[in-house]
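Just below is one structure, and these are the notes that go with it.
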Amino acid sequence: MRRERTWNTDPVTRVARGLWPDRNPLRRTSDRAEAAMVAVLIAAFLIGAPLIALITWRLTFANNFQHHRRCS
């Protein structure tokens with residue numbers, strides 16, 4: 001009697017495996033392009049969001065400082 005192997009993986013691991021570039025001949029080129037675009041968008045968000053927050057904070061701080069300078 002043969003036992004089937006079960007994979008107990010969490011959802012994050014399954015998503016990562018789905019995005020990992022493999023050489024499955026049944027995977028379409030559009031699927032690979034989509035995975036690459038998703039990776040680029042995630043990287044852009046992870047890099048861009050903190051930069052935008054920092055720029056917004058600096059502009060707000062500079063504007064607030066100028067406002068207090070004029071009021072004094």
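Applying 0.36 nm per residue to the separation of Val40 and Thr56 and subtracting their alpha-carbon distance, the gain on full extension is 3.4 nm. If a spin label sat at a point 7 angstrom from the Cα of Asn64 along the line to its beta carbon, the backbone N atoms of segment 32-54 nearer than 16 Å would be those of 53-54.
Since every read-out is calculated from the coordinates, none of them should be taken as a lab result. What you see is a predicted model; the values in this text were computed from it and never measured. For neighbour counting, all protein chains shown are included, and Cβ atoms are generated from backbone atoms with ideal geometry for every residue, glycine included.
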